[in-house]
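Q: Have a look at the structure that comes next, please.
The values are calculated or read from the model by the stated rules, or taken from the named source; none is laboratory data. All of these numbers come straight from a predicted model, not from anything done at the bench. Note that each Cβ is placed from the backbone with ideal geometry, even for glycine, and that neighbours are counted across all protein chains shown. Side chains are part of the model used for accessible areas, which takes the heavy atoms of the whole protein and leaves out ligands, DNA and RNA. Shrake-Rupley method; radii C 1.70, N 1.55, O 1.52, S 1.80 Å.
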Amino acid sequence: MPGFADSFWSNDYAAGLGVLFGKLQQGVVENRQLLTIARMRAEAEDVYGQRLSEIAPAVDKIPNGFNRDDGASVRKAYEGVRTEMEDASKNHKKIAQNIRDLVVNPFTRWCDAHESRLQNSQEELQAKIKAHDKQAELVKKLRSNYFNKCRLVEDLEEENKLAFQDPESAASPKPKQPIPEIKVEPEEEEDDEPYEIGDETYSPDQIKKILAHMLNNIKMGETKVPILGTYQNTSAGTDIVEYLQRHMGTTSISYAERIGQDLITHGFLRLIGNVGNTFANSSRMSYQWRPQAFKLAGVPEKKAPVGRTFSMPLSNGSEGNDSPVVGVVSEYLANWNIPGVNNGRPNETPSERMRREAREADEKYKAAVQKLDEMRCELEEAIFLHLKFLERCELDRLKAIKTVVLDFSGTISNVIPSLQSTVDNMMLYQETVQPLGDLRYLLENYRTGSFVPKVVTYENYYNKVDEQTFGVDLEARARADKKRVPIIVTTLLTYLDHHYPDLEGDEARRGVWLHEVSLKDTHKLRAKVNNGKPPSLEVFAEFDVPTVASLLKLYLLELPDSLVSSHVYEIIRTIYNTTQDSSEDARIPVLQQTLSQLRLTNIATLDACMNHFTRLIELTSADEEYVAKLATTLAPCILRPRTETSLTMEEKHAYRLIRDLFAHKDAIFSELKRMSTLGASATISGNNNRPRAISTDESNRRANMEERNRLILEKANGGRSRATSPAPGPRAHRRDRSVGGPETRFPISPSGITSPTSSQQHGKRPSLGPVLPKRSSLEVPEEAGSAISHPADGNSNGAAPAEAGTPKSETADPLADKRSSLVEKRNSLGRSGARISVGRRIPVVASTTAASQQPSGTEKENLSGGHAPVTLVDAPMDD
């Protein structure tokens, strides 16, 4: 039965959790209703007991009654009835008190704590979802900004190419003329011109001395102006006027203001923080000494310290960068190019600025995507933990209700035997409460979807996927790896093959794929290998084997489309709905035709995975129960519908497909490879055009679906009078293949391929090559030079190919000795001289000298089949 952790997921996370919390809040209301029943019953029992206790005093007040006749027998009957009323009163009061002590008070405390737990979980998850949604919106804005910057850079480059071209130069070339140059003569004459300041005329030498004295004696500092920033080398108007009166002999303030205005006119001062350029004797008006004054006076200019020229927070580490107000103001200030505000790049051209902005936008967008991915992982981890916690809370609530009903009935049954029938009915009701059944009902009627994470990948403007592995399209990842099967898949399968023997017993090996691994540990391993590069085996050594297996399942779940594409989900549904009563012989050819529509990368990856699982099942002698559990676990990883609905969640077509792949792997995939090879040969000989990939046009989907279902029904019901020939012909079905030549479709020599029909007639098994000796172990030999082949270590093919003509031999299998010794037998998996490449078992190629030696007795047993070993190599894809 699925649990909460695999049932309340949705694309935006909030919808599925909203349904769950709605049902949990409904449970809170149910608790209150049950409490109300118990509380009001206690009050009713208390009132009833109080009224019964009032009967005896009321009848005693009546005079001239039974009190006058002491010896009458009727009085004893009366006193018995009167005593019964008092006992009944005590019993009902005791019932009320028991209900309060055993039901109302403890269940009230538990309900308050339960409601508080639900509220805390809901608030925490809502906060994380809100932060995730906010970061997702920021990623969208940064992505739009990044793409716009890249388009502007491209437009600018195109304009630069066409900006200075002469349209008539190509038609009528003219003799080259010298490029006109603008020569600026040195302005030495201007230096000799006198300066009129106030009523006096000063030579340049005198002005130099006056300015040097002013800059050394007038108080200068820095002035902060809102929005614009901080200005250096500023002086107040009152300080300048005070200096002029003290050192230049000005007789009035108006004359001093005239001198200050002349200093502004000659470019030695300028007004800041106000509109205009007027000099006034005011402490509120500040004037900045311009660089011309320092240059003419020969006094070094005081530069602004780095990072203090702008008053707003603009550091990379601050949170101000994310503020839209700061970003808008910064862009406007950069475009205004205001003097005195240091932008750090005074000589930057517009093209350089736009390229820099594009790079900065790319870095921000990439960092935001990485942060969003981390937040998504943290959110999913929190959701997993809370869903499991909420499932325990809901199960505890149902058990608490069961206990409350039992205690409620006990408080009555222990005190009043006369209410036994009522108690029996209440006990019957209590027996009908089934916590697990109610939990299953909740899941079956209100679950919103299984755990299928939606990865927000970094979309490079130039369509590169070099920096990410998870969430990328399978064929794009394989193309980037230059492999038919992505390196991450082959590496994980190879690593598992080499580490199965390290586990104790077949039960532990089979439990690798069924063990529930913490999502946090899986995400931790994912973060170390999600870089677009071949993963290093040292990284896997830090984690246990179930975590590595869980990483492969997470990789398949995070694919944009399932391994068996969702486009064929409806076809597979039709196959299993229409062939339920038919034999497997009628269903397997239809499955072969359906799977042949997949891309070659998907077929090759599915083949590698199925080869791994079937070998694990065979060598560990797995029973039917384990195979069913394994197929259920792998079902969402292999086949998922395009949109998950309440109907698809109850369907078992993916489970049945995996069971068929387990049972008929050789027949299905040998036929797929044969069809692939024949299709490739027909394409080379008869069609030089490159075929198109599977169309995603949905305009004629219904008509195509009806036609496909009709053909499937005809084939399943035996409508044809004779079997279809496997040879290619004008009517042979040929699927469109994806990019890549025939030599890279499957790394198998066509000479070893035979028809399944012919192989069955001659008593041979359908195969892609010679029959290998039957393997009984998944272990890797511990001999010199038998290191694990890994793409990260420099071997891109995963196995060293043997030279042509070199004889091959298999090493001795020590299982023969271990079978004879029951004391030394560790488990069913021994050591064998075999290597594993791309999910297949390959015999080890021995040296030339070793091949020349006579094989031992065990080797003769292994080589008695007379079949030559075959090396399967994952050849690189053609560009």
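Q: Being open to solvent by less than 20 Å² (accessible area, probe 1.4 Å), closer than 16 Å to Lys553 by Cα and touching a residue at least 40 places away in the same chain (Cβ under 8 Å) is the filter here, so list the residues in region 505-520 that pass it.
A: Trp513 - this is the single residue of region 505-520 that is open to solvent by less than 20 Å² (accessible area, probe 1.4 Å), closer than 16 Å to Lys553 by Cα and touching a residue at least 40 places away in the same chain (Cβ under 8 Å).
Q: Another one. If you scan region 220-236, which residues turn out to be surrounded by fewer than 16 Cβ atoms within 10 Å (Cβ to Cβ) and either closer than 22 Å to Gly198 by Cα or aliphatic (A, V, I, L, M) (or both)?
A: Answer for region 220-236, where residues must be surrounded by fewer than 16 Cβ atoms within 10 Å (Cβ to Cβ) and either closer than 22 Å to Gly198 by Cα or aliphatic (A, V, I, L, M) (or both): just Ile227.
Q: Do you know which residues across region 237-251 are open to solvent by less than 50 Å² (accessible area, probe 1.4 Å) and closer than 20 Å to Ala297 by Cα?
A: Initial filter on region 237-251 (open to solvent by less than 50 Å² (accessible area, probe 1.4 Å)): 237-241, 243-244, 250.
Result: Asp239, Ile240, Val241, Tyr243, Leu244.
Conditions (1) within 16 Å of the chain's Cα centre (by Cα); (2) of a type outside the set (Phe, Trp, Tyr); (3) closer than 20 Å to Leu557 by Cα; (4) not assigned by the TED database to the domain that holds Ser565, marked per residue:
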site: Met375; (1), (2), (3), (4): yes, yes, yes, yes
site: Leu385; (1), (2), (3), (4): no, yes, yes, yes
site: Ile401; (1), (2), (3), (4): no, yes, no, yes
site: Val405; (1), (2), (3), (4): no, yes, no, yes
site: Tyr441; (1), (2), (3), (4): no, no, no, yes
site: Phe451; (1), (2), (3), (4): yes, no, yes, no
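Q: Name the residue that is nearest to Ser562 (Cα to Cα), counting only residues in region 456-480 that are outside any loop (DSSP other than H, G, I, E, B) and open to solvent by 30 Å² or more (accessible area, probe 1.4 Å).
A: Here is the first cut: in region 456-480, the residues outside any loop (DSSP other than H, G, I, E, B) are 474-480.
Cutting the leftovers down to open to solvent by 30 Å² or more (accessible area, probe 1.4 Å) gives us 476, 479-480.
On the way: Ala476: 14, Arg479: 18, Ala480: 19 Å.
Applying the filter and picking the extreme gives Ala476.
Q: Among the residues of region 525-547, is any in a loop (DSSP other than H, G, I, E, B), assigned by the TED database to the domain that holds Asp607 and open to solvent by less than 20 Å² (accessible area, probe 1.4 Å)? If you could, list the steps in order and put the result at the bottom.
A: The initial filter retains those residues of region 525-547 that are in a loop (DSSP other than H, G, I, E, B), namely 530-536, 541-544.
Those still in the list that are assigned by the TED database to the domain that holds Asp607 too: 530-536, 541-544.
Filter once more, keeping what is open to solvent by less than 20 Å² (accessible area, probe 1.4 Å): 532, 535.
Yes, region 525-547 contains at least one residue that is in a loop (DSSP other than H, G, I, E, B), assigned by the TED database to the domain that holds Asp607 and open to solvent by less than 20 Å² (accessible area, probe 1.4 Å).
Q: While we're here: Do we have Phe147 as at pLDDT 90 or above and either in contact with a Leu (Cβ under 6 Å, 6 or more places away or on another chain) or aromatic (Phe, Trp, Tyr) (or both) here? Write out each step before concluding.
A: On the way: at pLDDT 90 or above: yes; either in contact with a Leu (Cβ under 6 Å, 6 or more places away or on another chain) or aromatic (Phe, Trp, Tyr) (or both): yes.
Against the criterion (at pLDDT 90 or above and either in contact with a Leu (Cβ under 6 Å, 6 or more places away or on another chain) or aromatic (Phe, Trp, Tyr) (or both)), Phe147 qualifies.
Q: Please enumerate the residues belonging to region 252-272 that are open to solvent by 50 Å² or more (accessible area, probe 1.4 Å) and either in contact (Cβ under 8 Å) with a residue 40 or more places away in the chain or outside the structural domain of Met220 (by the TED database) (or both).
A: Listed by number, the residues that qualify are Arg258, His266.
Q: May I ask you to list the residues in region 548-596 that are assigned to a loop (DSSP other than H, G, I, E, B), at pLDDT below 90 and open to solvent by 10 Å² or more (accessible area, probe 1.4 Å)?
A: Gln580, Asp581, Ser582, Ser583
Q: Condition test on Arg599, is it open to solvent by 10 Å² or more (accessible area, probe 1.4 Å) and either more than 25 Å from the chain's Cα centre (by Cα) or outside the structural domain of Pro501 (by the TED database) (or both)? Explain how you work it out, then say what you get.
A: Numbers: open to solvent by 10 Å² or more (accessible area, probe 1.4 Å): yes; either more than 25 Å from the chain's Cα centre (by Cα) or outside the structural domain of Pro501 (by the TED database) (or both): no.
Considered against the rule, which asks whether it is open to solvent by 10 Å² or more (accessible area, probe 1.4 Å) and either more than 25 Å from the chain's Cα centre (by Cα) or outside the structural domain of Pro501 (by the TED database) (or both), Arg599 comes out as no.
Q: Go over the candidates Arg82, Arg68, Arg100 one by one and state the one that is within 54 Å of the chain's Cα centre (by Cα) and at negative phi.
A: Values: Arg82 fails: within 54 Å of the chain's Cα centre (by Cα); Arg68 fails: within 54 Å of the chain's Cα centre (by Cα).
Matching residue, one of Arg82, Arg68, Arg100: Arg100.
Q: Look through region 358-369, keep the residues that are touching a residue at least 24 places away in the same chain (Cβ under 8 Å) and of a type outside the set (A, V, I, L, M), and return whichever of them is most open to solvent (accessible area, probe 1.4 Å). Step through it out loud before you land on a result.
A: Start the filter on region 358-369 by keeping residues that are touching a residue at least 24 places away in the same chain (Cβ under 8 Å), which leaves 358, 361-362, 364-366, 368-369.
Subsequent filtering for residues that are of a type outside the set (A, V, I, L, M) retains 362, 364-366.
Numbers: Asp362: 29, Lys364: 110, Tyr365: 3, Lys366: 56 Å².
Here the answer is Lys364.
Q: Can I ask one more? With respect to the numbered conditions (1) part of a helix (DSSP H, G or I); (2) open to solvent by less than 10 Å² (accessible area, probe 1.4 Å), which one is the sole condition not fulfilled by Pro453?
A: Unmet for Pro453, out of (1) part of a helix (DSSP H, G or I); (2) open to solvent by less than 10 Å² (accessible area, probe 1.4 Å): (1).
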